[in-house]
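Below you'll find the structure, written out as structure tokens, and then a few comments.
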Amino acid sequence: MDKLIIKGGKKLTGEVSISGSKNAALPIFISTLLAPGLHEISNVPFLRDINTTIKVLESLGGAVQGNGNIVSIDTSNINSVEATYELVKTMRASVLVLGPLLARYGRARVSLPGGCAIGARPIDQHLKGLKALGAEINLSHGYVEATAKSLKGARVNFDMPTVGGTEHIMMTATLAKGDTIIENAAREPEITDLAMMLIAMGAKIEGAGSDTIKITGVKQLSPVNYRVMPDRIEAGTFMIAAAITGGDVKIKNMQLGDIDALIFKLLDTGVEITNKNGVVKVKGPKRLKSVNIKTRPYPGFPTDMQAQFMALMSVADGASVIAENIFENRFMHVSELMRFGADITIDGRSATVKGVKKLSGAPVMATDLRASASLILAGLAADNTTEISRIYHLDRGYESIEKKLAALGADIQRVKE
Ligand code: EPU
């Protein structure tokens, strides 16, 4: 197993380029199941979750080939409608194959994902949506079995704006008869990116990016070439890396408008952000000011930036209250940040962070993807050496993060444990 060794205290400077979005690429890959033929997806990040998605598609009979950041997916010969526990437990998003397989083949069998480190994460809303479209759903032996002679458009009203649920029903409804209206839809930019892919395939979708999405079913979809949007969470993580080290970093290939909630909070902490010809410059102040955040569905502050922002607030002047409203257990990084000397108390779904003058490097353990990123950020700001173990979580969602940070002047190395 690999670990990261960071010698903190270096101000980051220079230029970094943001990779394609993990959370957009995953459903985009899965949507190729809706149209038999050869698709070409570009700007794909090299990540473990992408490899898992490729394994899922291959297990269904898809043929996948990579060439740099371009991945060709041939879905002409799909010969299975089952996603096993082995694949779904490795990556929950695998469950999104259920609806597309059902829409094309009238039947699908997919393992239930179970909980994960950040919360219970049920898929009841996905199943409610599929049932509304006419699927018969049975749960047995840890698997969801869905059957339908034909799917019919329907109104689906989600209990909460669920990203995966919205993507799942939007994909499935493209091949249902008639109109589907998704109400209380999630509005994340990754949903709009998926909708653009589906529209390029011939789907009829209106309103993606708003809370009401209308999908008019079509008979069939065609394969396409599509470029994945930049990863807004990776971009946000590098913005915080610049801020926490008092650095001065230029960020290329990011879409500033996708992460407004973070930008406004960073400006309040005293970080300078400018955008010139699509290159975003982020300059950290000598001392950061504390601000409060509450995670919310898009366009609110993203839960996927909460841990990284907490690392930032741990060295800001004053106290910051951080409320996590999306996942019930997304404070696993708190006890690790405290090993750096951070002053944090948790009360239910809120954490109060009292900024300290300096963090001190420590051996710590990564617990999930974004928690790992927060530990790197703390390590960059801390004095002395930090060792982060269990970094396999990081490889699920950040492409070459240590190389990108080293190119900005960080003293960071990956070593075998
Ligand atoms: N929920 C339900 N029932 C459902 C679906 C969701 O109760 O059927 C609840 C969840 O338990 C959670 C809330 O609704 O409390 C929101 O969950 P959502 O469905 O929006 O999350 P997701 O689709 O499972 C995606 C991202 C996550 C990101 C969340 C929230 C992907 C592959 N994953 O998950 O990304 O945190 O949206 O923005 O797109 C990450 O990248 O580190 C990550 C965890």
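Figures for the structure shown
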| quantity | calculated |
| --- | --- |
| Rounded to whole Hz, the Karplus (6.51, -1.76, 1.60) HN-Hα couplings of segment 311-320, x for glycine and proline | 4, 4, 5, 5, 10, 8, 6, x, 10, 10 |
| Segment 79-151 versus segment 368-417: alpha-carbon centroid distance in Å | 34 |
| Over the chain, relative contact order from alpha-carbon pairs under 8 Å, at least 6 apart, % | 22 |
| Accessible surface of segment 345-417 [probe 1.4 Å, protein heavy atoms]: carbon and sulfur percent | 49 |
| Segment 148-306: antiparallel DSSP beta bridges as a percent of all, rounded to 5 | 75 |
| Given charges at beta-carbon only (K, R positive; D, E negative), |dipole| of segment 124-268 in Debye | 600 |
| Antiparallel content of DSSP bridges confined to the chain, in %, to 5 | 70 |
| Nitroxide proxy distance, nm - points 7 Å out along Cα→Cβ at N292 and N67 | 5.4 |
| Segment 338-394, accessible area per residue, ligands and nucleic acids excluded (1.4 Å, Å²) | 39 |
| Portion, in percent, of the accessible area of segment 145-292 that falls on carbon or sulfur, probe 1.4 Å | 48 |
| Computed over segment 1-97: relative contact order in percent, which uses C-alpha pairs under 8 Å that are six or more apart | 27 |
| For segment 61-106: accessible area per residue (Å², 1.4 Å) | 42 |
| Segment 233-321 - charge dipole about Cα centre, Lys and Arg +1 at Cβ, Asp and Glu -1, debye rounded to 20 | 200 |
| Within the accessible area of segment 27-127 (1.4 Å probe), percent carbon and sulfur | 49 |
| Helix-only mean residue ellipticity at 222 nm for the chain, each DSSP H run of n ≥ 4 adding -39500 (n - 2.57), per residue, nearest 500 | -9000 deg cm²/dmol |
| Dipole-positive endmost among I205, V97, I240 within the chain (Cβ charges, Cα centre) | I240 |
| Listed residue pairs exceeding 32 Å between alpha carbons, taken from K358/K403; K10/K55; K7/K252; K252/K294; K55/K416; K286/K416 | K10/K55; K286/K416 |
| Within the chain: Cβ-based charge dipole about Cα centre, in debye rounded to nearest 20 (Lys, Arg +1; Asp, Glu -1) | 360 |
| Selection from I326, M310, M254 lying farthest towards where the dipole of segment 250-388 points positive, charges on Cβ | M254 |
| Average Cα contact separation per residue, segment 288-382, under 8 Å, 6 or more apart, as relative contact order % | 32 |
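The values are calculated or read from the model by the stated rules, or taken from the named source; none is laboratory data. Small disclaimer: the values here were computed from a predicted structure and weren't measured. Note: ideal-geometry Cβ built from the backbone for every residue, glycine included; neighbour counts use all protein chains shown. Keep in mind that these areas ignore ligands, DNA and RNA; they rest on the heavy atoms of the full protein, side chains included. Shrake-Rupley method; radii C 1.70, N 1.55, O 1.52, S 1.80 Å.
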